[in-house]
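Before any comments, here is the structure.
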């Protein structure tokens, strides 16, 4: 059975159960001409994934699916699954966290296979931890993802391909993924030779991607960690990306979930918060959501036709099966931080 069929049933369940379902912000007729070709796929996007620290130690023991044990087959049901890989995947002789600095960490090489087995198709590698273990760790991360068959965007061996896009096709729909970061753990500007920066170059690439893809998705790493709302800089960059042609903007780095904004035909998710990332000292670093989106291509073009917020508990082993109370809490936060236009479209 194709993934799309499975996920179509999932959407029906979400509607029946009364979970949050948002409109795309576009009026779309449910009637189509009998001869019209309509293509539909389903995308799942999650937040920060750290395969280092304690998770990395479990993977080193041989349990490659340890971080995804609670998500089961949920990821496998989608046509495309995206996440932000916020750790290197490198060989450090058993080390998955620096002994002197717990903000420096890496997943083991088998992390690539773990992502693939879990159901991930593409990850962003543009973030402030991309160079935690230098150029060796940076190179090995790309090699380990390639070996596992997981596409990545935001780092590249050549400057010309640094920003992307990486184009993946599913069900006759070509989707361009780009990624960039506005923060880096290293001082100076030298890192921009290896990791895509959030600047005018990415904006130019978005415009170029419009000519070769049906839909453009940008992953952005930036903002202020643990802040209650997205920074003005993040909001401005997200809107500029949409105005340049991005259909979907996915934000990362704050480690807490934010709301959803509709801007000039595009969809902005300011922060997806944590996924495989354990930060137990704060309430909202342990709760977030995944974005489930139906992407449709027909005679009117390609668009995110509908999307749903799927609450989750983040940590070493994220889980979608959360209590009704936790679901309501996540929904309320998304409502409070989303634009008026979006919250008015809740069904």
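The values are calculated or read from the model by the stated rules, or taken from the named source; none is laboratory data. Because the structure is a prediction, the values reported are computed rather than measured. Cβ sites come from the backbone with ideal geometry, for glycine too, and all protein chains shown count toward neighbours.
Scan 278, 282 and give me the residue that is in contact with a helix residue (DSSP H, G or I) (Cβ under 9 Å, 6 or more places away or on another chain), surrounded by fewer than 23 Cβ atoms within 10 Å (Cβ to Cβ) and either in contact (Cβ under 8 Å) with a residue 12 or more places away in the chain or more than 29 Å from residue 56 (Cα to Cα) (or both). Please lay out each step first, then the result.
Details: 282 fails: in contact with a helix residue (DSSP H, G or I) (Cβ under 9 Å, 6 or more places away or on another chain).
Of the residues listed, the single one that is in contact with a helix residue (DSSP H, G or I) (Cβ under 9 Å, 6 or more places away or on another chain), surrounded by fewer than 23 Cβ atoms within 10 Å (Cβ to Cβ) and either in contact (Cβ under 8 Å) with a residue 12 or more places away in the chain or more than 29 Å from residue 56 (Cα to Cα) (or both) is 278.
Pick from 248, 272: which is more than 20 Å from residue 166 (Cα to Cα) and buried (at least 24 other Cβ atoms within 10 Å of the Cβ)?
On the way: 248 fails: more than 20 Å from residue 166 (Cα to Cα).
None of the others qualify; the one that does is 272.
Scan the stretch 209-240 for residues that are assigned to a loop (DSSP other than H, G, I, E, B), farther than 20 Å from residue 259 by Cβ and touching a residue at least 24 places away in the same chain (Cβ under 8 Å) and report the count.
Filtering the stretch 209-240 down to residues assigned to a loop (DSSP other than H, G, I, E, B) leaves 210-214, 222-231.
Then drop every residue that is not farther than 20 Å from residue 259 by Cβ, which leaves 210-214.
With touching a residue at least 24 places away in the same chain (Cβ under 8 Å) added as a condition, the list becomes 210, 212-214.
Number of matching residues: 4.
Before we move on, is residue 253 modelled with pLDDT of 95 or more, crowded, with 20+ Cβ neighbours inside 10 Å, at positive phi and touching a strand residue (DSSP E or B) at 6+ places or on another chain (Cβ under 9 Å)?
Details: modelled with pLDDT of 95 or more: yes; crowded, with 20+ Cβ neighbours inside 10 Å: yes; at positive phi: yes; touching a strand residue (DSSP E or B) at 6+ places or on another chain (Cβ under 9 Å): yes.
Spelling it out, residue 253 is indeed modelled with pLDDT of 95 or more, crowded, with 20+ Cβ neighbours inside 10 Å, at positive phi and touching a strand residue (DSSP E or B) at 6+ places or on another chain (Cβ under 9 Å).
Quick check on the stretch 78-95. Is at least one of its residues farther than 24 Å from residue 312 by Cα, more than 20 Å from the chain's Cα centre (by Cα), in contact (Cβ under 8 Å) with a residue 40 or more places away in the chain and assigned to a strand (DSSP E or B)?
Scanning the stretch 78-95 turns up no residue that is farther than 24 Å from residue 312 by Cα, more than 20 Å from the chain's Cα centre (by Cα), in contact (Cβ under 8 Å) with a residue 40 or more places away in the chain and assigned to a strand (DSSP E or B).
Among the residues of the stretch 40-70, which ones are part of a loop (DSSP other than H, G, I, E, B) and within 16 Å of the chain's Cα centre (by Cα)? Steps first, please.
Step one: list which residues in the stretch 40-70 are part of a loop (DSSP other than H, G, I, E, B), which gives 50-52, 61-65, 69-70.
Residues satisfying the conditions are 50, 51.
I'd like to know if the stretch 181-194 contains one or more residues that are modelled with pLDDT of 95 or more, crowded, with 17+ Cβ neighbours inside 10 Å and in a helix (DSSP H, G or I).
yes
Quick one: how many residues across the stretch 96-120 are at pLDDT 95 or above, part of a loop (DSSP other than H, G, I, E, B) and in contact with a helix residue (DSSP H, G or I) (Cβ under 9 Å, 6 or more places away or on another chain)?
The number of residues fulfilling the criteria is 6.
Looking at the structure I just gave you, is residue 303 farther than 28 Å from residue 325 by Cα, surrounded by fewer than 24 Cβ atoms within 10 Å (Cβ to Cβ) and in contact with a strand residue (DSSP E or B) (Cβ under 8 Å, 6 or more places away or on another chain)? Step through it out loud before you land on a result.
Numbers: farther than 28 Å from residue 325 by Cα: yes; surrounded by fewer than 24 Cβ atoms within 10 Å (Cβ to Cβ): yes; in contact with a strand residue (DSSP E or B) (Cβ under 8 Å, 6 or more places away or on another chain): yes.
Yes: the conditions hold for residue 303.
Please work out which residue is nearest to residue 334 (Cα to Cα), limiting yourself to the stretch 289-303 and to residues that are in contact (Cβ under 8 Å) with a residue 60 or more places away in the chain and in contact with a helix residue (DSSP H, G or I) (Cβ under 8 Å, 6 or more places away or on another chain).
Only one residue tops the list, namely 292.
Out of all the residues in the stretch 247-270, which are within 12 Å of residue 220 (Cα to Cα), in contact (Cβ under 8 Å) with a residue 60 or more places away in the chain and in contact with a helix residue (DSSP H, G or I) (Cβ under 8 Å, 6 or more places away or on another chain)?
270
Residue-by-condition table, conditions (1) closer than 27 Å to residue 54 by Cβ; (2) more than 20 Å from the chain's Cα centre (by Cα); (3) at pLDDT below 95:
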| residue | (1), (2), (3) |
| --- | --- |
| 289 | yes, no, no |
| 301 | no, yes, no |
| 304 | no, no, no |
| 310 | yes, no, no |
| 315 | yes, no, no |
| 319 | yes, no, no |
| 328 | no, yes, no |
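If I filter the stretch 137-160 down to residues being in contact with a helix residue (DSSP H, G or I) (Cβ under 9 Å, 6 or more places away or on another chain) and in a helix (DSSP H, G or I), which single residue comes out as farthest from residue 88 (Cα to Cα)?
Initial filter on the stretch 137-160 (in contact with a helix residue (DSSP H, G or I) (Cβ under 9 Å, 6 or more places away or on another chain)): 141, 143-152, 155-157, 159.
Add one more test, that the residue is in a helix (DSSP H, G or I), and what stays is 141, 143-148, 159.
Working: 141: 5, 143: 11, 144: 10, 145: 10, 146: 13, 147: 15, 148: 14, 159: 19 Å.
Going through the qualifying residues, I end up with 159.
For residue 206, all conditions in the list (1) within 20 Å of residue 121 (Cβ to Cβ); (2) in a helix (DSSP H, G or I) hold save one; what is the number of the exception?
(1)
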